[in-house]
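Here's the structure, in C-alpha cells; my notes come after.
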Amino acid sequence: MTAAPTSPDTAVLENAIWESMNGVHAPLTEGTGRARRYLPTIAPFVGIGDIDDPRTWTELAQLVGPGQEVAVPREVASLPEGWSVVVSGPGVQMIATTALKPRPDPEAVRLGADDVEDMLALIARTQPGPFLPETYRLGTYLGIRREGELIAMAGERLHPPGWTEISAVCTDAQFRGEGLATRLVLAVADGIYARGETPFLHAAADNTNAIELYKHLGFVLRTNITFTVVRTPSTVPN
C-alpha cells in the first residue's frame, strides 16, 4: 500500500480541466491561451480561462466550429449571443483524505490501445460518462477480465498540478455486488499516490450510490459543481 502524500493546493480544482490542459495534458489538446479542447478522439471537454471575457467565447467558437456541442464542466451564468445551453445538471467534486487506503489489485490489468474495443463496449453497457476511442491516453486505466471479457474498469482523466481525477468507474451489471469498483478505485489511487499526487473525482449529484461508495472509501465533498453542455453559434466569426 502506498502512503498518501500531503494534500496539495485545492485552488487548481476550481478550474481543473483548464489547469490540466495547460499542464501534463497540454500535448493532448489544441487551442489558444483563452480556450482549449482535448483532441476530438480523446475527450469532448473544452477548457476556458476567463469565463467572463468575450474573447474566450469567440476563440472557443473558432476552435470547435459552428453548431457544435461541447462540455464545459463549470456553471455558465450567461452566454454571448448565438450560444445556447443544451443541457445542464448538478454534480459534486470529491477529494481523497487520509482515510483512503489505496492498494494494488492482483487481478487488475492495465488497459491500452489493444483494449479499446472492449473498453468502449463496457462503457456502452454501463454509461459512466463520456469515453472516446483515445480517452485511455489521458492516464492509467485498469480493468478486470473474466474468461477474457472486460467486466469492470476505472482510470485516470483530468490531471491538474498535484492531483489526478479517477474516472470511468464501471462494472458490468452481471458482476455488481462483488466489490470490483472498490478494488479498482483503490488500485488506481495506489498508482496516483505512488507519483506523489492526490486523487479526486466527479459524480452526478443524483448518483447517490456512487457518492456513498466514495465517502465510504475515504473521499469527502469539496464542492458542488455544474456540468454544462453548450452549443456554439451557427455562424462563427473569422
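Values in this text are rule-based calculations from the coordinates and carry no lab data. Since we're looking at a predicted model, the values are computed, not measured. We place every Cβ from the backbone using ideal geometry, glycine too, and count neighbours over all the protein chains shown.
Put a plus charge on the Cβ of each Lys and Arg, a minus charge on the Cβ of each Asp and Glu, and nothing anywhere else: the dipole of region 93-224 about its Cα centre is then about 460 debye.
Note on region 93-224: the alpha carbon radius of gyration divided by the globular reference 2.2 N^0.38 Å gives 0.97. Using only DSSP helix segments of four residues or longer, with each worth -39500 (n - 2.57), what per-residue ellipticity at 222 nm results for the chain after dividing by its residue count and rounding to 500? That calculation yields -6500 deg cm²/dmol at 222 nm. Computed over Cα pairs, the Kirkwood radius of the chain leads via Stokes-Einstein (0.692 mPa s, 37 °C) to a diffusion coefficient of 178 µm² per second. By the beta-carbon count within 10 Å of each Cβ, the least crowded to most crowded order of Val230, Val109, Val76, Val46, fewest first, is Val109, Val76, Val230, Val46. For the chain, give the share of DSSP beta bridges that are antiparallel, in percent and rounded to the nearest 5; count only bridges with both residues there. Of the beta bridges lying entirely in the chain, close to 90 percent run antiparallel.
For the peptides 111-122, 197-208, the ranking by mean Cβ contacts within 10 Å, running from highest to lowest, is 197-208, 111-122. Think of each Lys and Arg Cβ as +1 and each Asp and Glu Cβ as -1; about the Cα centre, that makes the dipole of the chain roughly 240 debye.
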